[in-house]
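S.K.: Structure below; questions to follow.
The values are calculated or read from the model by the stated rules, or taken from the named source; none is laboratory data. What you see is a predicted model, and the numbers here were worked out from it, not measured in a lab. Please note: Cβ atoms are built from the backbone with ideal geometry, for glycine as well, and neighbour counts cover all protein chains shown.
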Amino acid sequence: MKKALPIIIALILIAIIFIGYGIVNKGKQTNQRRIAVIPKGTTHIFWESVRKGAEKAGAEAGVKILWNGPKRETDREEQIQIIEDFIVQKVSGIVLAPLDSKALVPKVEELYNKNIPCVIVDSGIDTDKYVCFAATDNYIGGLIAARRMGKILNGKGKIVVLKYVPGSASTTNRENGFVDTIKKEFPEIDIVDAQYGKDTVETALQVTEDMLTKNAELDGLFACNASTSVGALQGLRSQGRTGKIKMVGFDTEKALIDGLKEGVIDSLVAQNPFKMGYEGVKAVVAVLDGKELPARRIDTGVTLVTQENLKTPEIQALLR
């Protein structure tokens, strides 16, 4: 028994060390701030840029970024469920790109009532119960697209508008900015058709082909986001009408930049999704640290990209 006693004591000491190590590490894990970032979807490169920006801000602040979003950008119920899951996980804060300006209101207000700071990015929401809003000025983005269309058509012609989905505040503002500006500044440009392309390239392609078939004489086409722009480009190609119809798109996915280089797209209105993710996380951290935010509304910028300025350092930096 005496011989066994040192071994028993050693085993007890080892057990105490391991238990203590586990407690210390558990405490470290618990104390680390975790910020959830919830995009509208996870399939488009736009959202990957938002994620990169969020992760950069997280690394700078020493917080863990948790990333999850719906598979489709029309699945409001899935986005609501993701928010609920993060509430259960007791995250420190949330950065949210709401799929619907109305459907997500109850969850955003729940976060407010639970003192979980929420920053809205990309697309607005019909409540003021959030920390701040970091996004493109989408109405101005639509205005820029309309003025470009007016310029390249010399103020005359027939055009169609490929919209996104009902309830999306960001794209609705772009559509309104475009339509309002065309009607006000270019009365001789006639918008002969405007339809929703919905949330995938495939549906946008089908809608584009439908509008092109119905309208044999067209001079221009405006598409309001990445998926509708790619679908519109494919529709113009499939019907052999590239070059005949001037296209102004939105966002800067590779297929769109390639189309711009080829000259089948006249121009693209570019956002800065990286900055949305970066500023969104920074704002949550500022609230957690008890700091005053510099602004309630953070404008992340919007720029017109053409063949002429595509290779400039400013545009290349934005695209990267």
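Let's see how each residue does on (1) under 21 Å from Gly167 (Cβ atoms); (2) among the aromatic types (Phe, Trp, Tyr); (3) not in a helix (DSSP H, G or I):
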{"position": "Val207", "(1), (2), (3)": "yes, no, no"}
{"position": "Leu212", "(1), (2), (3)": "no, no, no"}
{"position": "Phe222", "(1), (2), (3)": "yes, yes, yes"}
{"position": "Thr228", "(1), (2), (3)": "yes, no, no"}
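S.K.: Can you name the residue in region 75-133 that is among the small types (Gly, Ala, Ser) and under 23 Å from Tyr164 (Cβ atoms) and is also surrounded by the most Cβ atoms within 10 Å (Cβ to Cβ) among such residues?
M.R.: Among those residues, the one meeting the criterion is Ala97.
S.K.: To continue, here is another question. Among (1) modelled with pLDDT under 95; (2) surrounded by fewer than 17 Cβ atoms within 10 Å (Cβ to Cβ); (3) not assigned by TED's automatic domain parsing to the domain that holds Arg148, which single condition is Thr306 missing?
M.R.: So the condition that Thr306 fails would be (1).
S.K.: Taking region 160-192 on its own, how many of its residues are of a type outside the set (Ser, Thr, Tyr) and more than 19 Å from the chain's Cα centre (by Cα)?
M.R.: 16
S.K.: Considering region 244-268 alone, what residues qualify as being without any contact (Cβ under 8 Å) to a residue 40 or more places away in the chain and either closer than 21 Å to Asp210 by Cβ or assigned to a helix (DSSP H, G or I) (or both)?
M.R.: Lys244, Ile245, Met247, Gly249, Ala255, Leu256, Asp258, Gly259, Glu262, Val264, Ile265
S.K.: Check region 185-196 and report whether any residue there is more than 16 Å from Ala232 (Cα to Cα) and among the hydroxyl-bearing types (Ser, Thr, Tyr).
M.R.: So far as region 185-196 goes, no, none of its residues is more than 16 Å from Ala232 (Cα to Cα) and among the hydroxyl-bearing types (Ser, Thr, Tyr).
S.K.: Please go through region 235-278 and pick out each residue that is crowded, with 21+ Cβ neighbours inside 10 Å and either among the small types (Gly, Ala, Ser) or at positive phi (or both).
M.R.: Gly235, Gly249, Asp251, Gly259, Ser267, Ala270, Gly277
S.K.: Please go through region 163-205 and pick out each residue that is farther than 27 Å from Gly240 by Cβ and basic (Lys, Arg).
M.R.: Arg174, Lys183, Lys184
S.K.: Now for a separate question. Checking the structure you have, find out if any residue of region 182-199 is in a helix (DSSP H, G or I), buried (at least 21 other Cβ atoms within 10 Å of the Cβ) and at pLDDT 95 or above.
M.R.: Yes: region 182-199 contains one or more residues that are in a helix (DSSP H, G or I), buried (at least 21 other Cβ atoms within 10 Å of the Cβ) and at pLDDT 95 or above.
S.K.: Which residues, counting only those in region 140-159, are in contact (Cβ under 8 Å) with a residue 40 or more places away in the chain, surrounded by fewer than 24 Cβ atoms within 10 Å (Cβ to Cβ) and within 24 Å of the chain's Cα centre (by Cα)?
M.R.: Answer for region 140-159, where residues must be in contact (Cβ under 8 Å) with a residue 40 or more places away in the chain, surrounded by fewer than 24 Cβ atoms within 10 Å (Cβ to Cβ) and within 24 Å of the chain's Cα centre (by Cα): Ile140, Ile144, Arg148.
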